[in-house]
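In what follows, a single structure is set out as structure tokens and then discussed.
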Amino acid sequence: MRKKNKSNLKKINKNTPSSYLVSLGFHLIIFLIAGVIIVFKIEEKEYKKFIPPKTIERPQVQLKKPQINLDNNKQSKPISKIVTKAKSTKISEVSLPEFNGIGNGLFRNSGSFQLKPLQQKITLFGGGESIGNDFIGSFYDFKRDKAGRPIPTDPDEMIKELQRFVRGGWNTSRLAKFYKSPKKLYATSFMIPPVKSSVAPSAFDEPETGGWCWAVHYKGKLVHHKDIKFRFWGQGDDVLVVAVDGKTVLNGCWPSFDSEWGIYSIGGSWTSSAKNDFRFYLGNNLSRGGDWIELKAGVPKEMDILIGEVPGGGFCSMLTVEVDGEKYELNRQGGPILPMFKTEEPTLDMIDEIYKVLVPDEASVTNGPVFRDYEFTIAKEEIDQIKKIKKIDKFREWTLRDNSSFKATYVSKNGSLVFFENEAGKQAKVEFSKLITSDQDFISLLKPPSFKIDFVKSTSVRFIKTTPYLDEEAPRVNDFVFSVKIKKDDIKEFNQEIFVEFFAIAKELIGDNYILVDRQKSSFIPTKDNNFSHDFSGPSIEFMEYVYDGDRRGKEYAGNLVVLYDKFGRVIDFQTSNKWLYENLENLKKIPIGRYFNKSCQRVIPTSPKAQRY
């Protein structure tokens, strides 16, 4: 290689002028020098090594026992694990976080005293928002066409349509000619104990549908975080069909021999091979046992669920699971208390909704597998929420206009002098005018004026459309609107802001528990412009009641509490229909709207109906 280069160089020298050679040589030298410099600079550059920071010693925090977050203004979060029996009908001890409401000094610089909007309505048919591992439900009314116009449909025709839908591979295009509600619900369980079929469509904002010829199709993924073998047990009044990867694995429809319309035929030719099929009650009929299903860890399968009502009357759709090899506690029927099928742990609010219509021991709500592709557990006694409770100190920090301060408790005011007592028990007096404005307000508000407080309730009555195929009492709805009217009741001048809070209370019809149905807040400054008065209202609240299995279910109005606070959170006046409501005010503040409590204002689970068939 070197010889060849030398020969070429000679060839260039022969035929090239000397000036050109000099120039070429000069440039070659410059390039060589530049190359050396660049090479050296590149080689000399040293990259700094990353040195990880020293480990920070974090202080160990003593954790308290788990506390369940029941803030009604936030979306309910799932409980990691509740170990209980289905027959439990009360929460004996629930540790609740303090509501972000009235407290010492709460309103100083708060700028607002309004409750956040209520969370979306919780229904047995699902919620209004997806959490990812749920089933999407679509509601169909077979009495209306796709444009919402009435069409002639009877139970026989509806059954034929559902037969074609199931046997045709669950293709929703077969249902396209019927009305489909624009609202979808997202369900993580299918535990709907017996209720009136005419009230069920209200979950989809379709209260005018009536109680007959409607159905809901749910679609989602069936998956588990580890290998599992199980089968479904369930019962539907009238329709409950479950398919996995397009194959029917359970037909829990109302049995044909007990129906003039042959509703059971919707599930096709499927038959159960379970030993105790159609032996134990689940809801208002006997439960059917499904086919065994095997899932590989993390591998999903398509799953379809069809529920619905044909002639009207009662409605029920209950789906539970039996895991192969598991032993279950027996109920008084002698059958196993199987856990409900779920893709997420139920919230306390959902447990309330189920328990108030579930006969104890027919199914377990909180135990059993959770069908999702990940495992999520929390140590029972260690983590959920760390809550710091500050003790109220009777000795307050007072500030003078010269920015000096002292700690003492207020004793009295006499003319222009204010008397205090410090922690050592010694008294001192201070000119009222020397205190900063907020401290002057604090003292002035210790003697507020009196107020006239009126709690007002207005109501209208309506009835929900039932069914032409049965002679039954239509569900009754009382729509309540609760209001408060307040007026300063003396001539004492008072230009401070007053904060008002009211609680409206109902009572369950089949038990002795109470329900917080409304809670509203407002504020005002009594002036001549507003006639020294203030009034405000809450939204319309639905009180529904109906008769099922001889029980009248629902709720009735039971009382109220109105509380007035100053800007430091101190109660300056109140009015109540039940003294125990005010006596347990701090507990009452912790109850979410729509939830149940006792006379100590401790949250409880609603009273369950009694078994009527065994």
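For region 276-317, which residues satisfy the criterion of being surrounded by fewer than 19 Cβ atoms within 10 Å (Cβ to Cβ) and within 22 Å of Gly169 (Cα to Cα)?
Asp291, Trp292, Glu294, Val299, Pro300, Lys301, Glu302
Just to verify a result, which residue in region 470-491, among those that are assigned to a loop (DSSP other than H, G, I, E, B) and within 32 Å of the chain's Cα centre (by Cα), is surrounded by the most Cβ atoms within 10 Å (Cβ to Cβ)?
Kept after step one, since they are assigned to a loop (DSSP other than H, G, I, E, B), are these residues of region 470-491: 470-475, 489-491.
So of that shortlist, the ones also within 32 Å of the chain's Cα centre (by Cα) come out as 474-475.
On the way: Ala474: 15, Pro475: 24.
Across region 470-491, the extreme among qualifying residues is Pro475.
Considering region 292-306 alone, what residues qualify as being touching an Asp or Glu at 6+ places or on another chain (Cβ under 9 Å) and not aromatic (Phe, Trp, Tyr)?
Those that are touching an Asp or Glu at 6+ places or on another chain (Cβ under 9 Å) and not aromatic (Phe, Trp, Tyr): Glu294, Leu295, Lys296, Ala297, Gly298, Val299, Pro300, Lys301, Glu302, Met303.
How about region 448-469: which of its residues are more than 29 Å from the chain's Cα centre (by Cα), assigned to a loop (DSSP other than H, G, I, E, B) and hydrophobic (A, V, I, L, M, F, W, C)?
none
Pick out the one residue from Ser202, Ser173, Ser197 that is in contact with an Asp or Glu (Cβ under 8 Å, 6 or more places away or on another chain) and of a type in the set (Ser, Thr, Tyr). Steps first, please.
On the way: Ser202 fails: in contact with an Asp or Glu (Cβ under 8 Å, 6 or more places away or on another chain); Ser173 fails: in contact with an Asp or Glu (Cβ under 8 Å, 6 or more places away or on another chain).
Matching residue, one of Ser202, Ser173, Ser197: Ser197.
Mind checking whether some residue in region 275-282 is at negative phi, in contact with a Cys (Cβ under 9 Å, 6 or more places away or on another chain) and assigned by TED's automatic domain parsing to the domain that holds Glu322?
Checking region 275-282: at least one residue is at negative phi, in contact with a Cys (Cβ under 9 Å, 6 or more places away or on another chain) and assigned by TED's automatic domain parsing to the domain that holds Glu322.
Grab the strands (runs of 3 or more DSSP E) fully contained in region 512-614, keeping just those with 2 or more residues being of a type in the set (Val, Ile, Thr).
Working: elements: 514-524, 533-537, 541-548, 551-565, 571-576.
Per the criteria, 514-524, 541-548, 551-565, 571-576.
Exactly one condition in (1) among the hydrophobic types (A, V, I, L, M, F, W, C); (2) touching a residue at least 60 places away in the same chain (Cβ under 8 Å); (3) buried (at least 16 other Cβ atoms within 10 Å of the Cβ) is not met by Ala611; state its number.
Here Ala611 clears every test but (3).
Which members of region 567-606 meet the condition of being within 22 Å of Leu446 (Cβ to Cβ) and not polar (S, T, N, Q)?
So the first thing to find is which residues in region 567-606 are within 22 Å of Leu446 (Cβ to Cβ), and the list is 567-575, 582, 585-586.
Lys567, Phe568, Gly569, Arg570, Val571, Ile572, Asp573, Phe574, Tyr582, Leu585, Glu586, listed by residue number.
With the requirement that a residue be in contact (Cβ under 8 Å) with a residue 60 or more places away in the chain and in contact with a strand residue (DSSP E or B) (Cβ under 7 Å, 6 or more places away or on another chain), what does region 572-589 give you?
Ile572, Asp573, Phe574, Gln575, Ser577, Asn578, Leu581, Leu588, listed by residue number.
Search region 414-433 for residues being exposed (fewer than 15 other Cβ atoms within 10 Å of the Cβ) and not in a loop (DSSP other than H, G, I, E, B), and hand back the single one that is modelled with the lowest pLDDT. Explain how you work it out, then say what you get.
So in region 414-433, the residues exposed (fewer than 15 other Cβ atoms within 10 Å of the Cβ) come out as 414-417, 419, 422-429, 431, 433.
Those still in the list that are not in a loop (DSSP other than H, G, I, E, B) too: 414, 417, 419, 427-429, 431, 433.
Values: Asn414: 86, Leu417: 91, Phe419: 90, Gln427: 89, Ala428: 90, Lys429: 91, Glu431: 93, Ser433: 92.
So, considering only residues that are exposed (fewer than 15 other Cβ atoms within 10 Å of the Cβ) and not in a loop (DSSP other than H, G, I, E, B), the one modelled with the lowest pLDDT is Asn414.
Got a sec? Which strands (runs of 3 or more DSSP E) wholly within region 113-205 have at least 1 residues that are of a type in the set (S, T, N, Q), modelled with pLDDT of 95 or more and over 30 Å from Lys521 (Cβ atoms)? So that I can check it myself, show each step before the final result.
Numbers: elements: 135-145, 178-187, 191-196.
Strands (runs of 3 or more DSSP E) meeting the threshold: 135-145, 178-187.
Go through (1) of a type in the set (Ser, Thr, Tyr); (2) surrounded by fewer than 21 Cβ atoms within 10 Å (Cβ to Cβ); (3) at pLDDT 95 or above and name the single condition Thr320 misses.
(2)
Suppose we filter Asn560, Asn587 for residues that are modelled with pLDDT of 95 or more and over 21 Å from the mean Cα position of the chain (by Cα); which single one remains? Don't jump to the end; show me each part of the working.
Values: Asn587 fails: over 21 Å from the mean Cα position of the chain (by Cα).
Answer to the check: Asn560.
Quickly run through region 500-545 and pick out the residues that are surrounded by 21 or more Cβ atoms within 10 Å (Cβ to Cβ) and over 24 Å from the mean Cα position of the chain (by Cα).
Val500, Pro526
If you scan region 120-175, which residues turn out to be small (Gly, Ala, Ser) and closer than 30 Å to Met350 by Cα? Even if it seems obvious, please write down each step before you answer.
Keep residues of region 120-175 that are small (Gly, Ala, Ser), which gives 126-128, 130, 132, 137-138, 147-148, 168-169, 173.
Correct list: Gly126, Gly127, Gly128, Ser130, Gly132, Gly137, Ser138.
Tell me yes or no: at least one residue of region 592-612 is among the aromatic types (Phe, Trp, Tyr) and in contact with a Pro (Cβ under 9 Å, 6 or more places away or on another chain).
Going through region 592-612, the residues among the aromatic types (Phe, Trp, Tyr) turn out to be 596-597.
Among the residues that remain, those that are also in contact with a Pro (Cβ under 9 Å, 6 or more places away or on another chain) are: 596.
Yes, region 592-612 contains a residue that is among the aromatic types (Phe, Trp, Tyr) and in contact with a Pro (Cβ under 9 Å, 6 or more places away or on another chain).
The values are calculated or read from the model by the stated rules, or taken from the named source; none is laboratory data. In this text, all values refer to a predicted model and were calculated from it rather than measured experimentally. Positions of Cβ are backbone-derived with ideal geometry, glycine not excepted, and every protein chain shown enters the neighbour counts.
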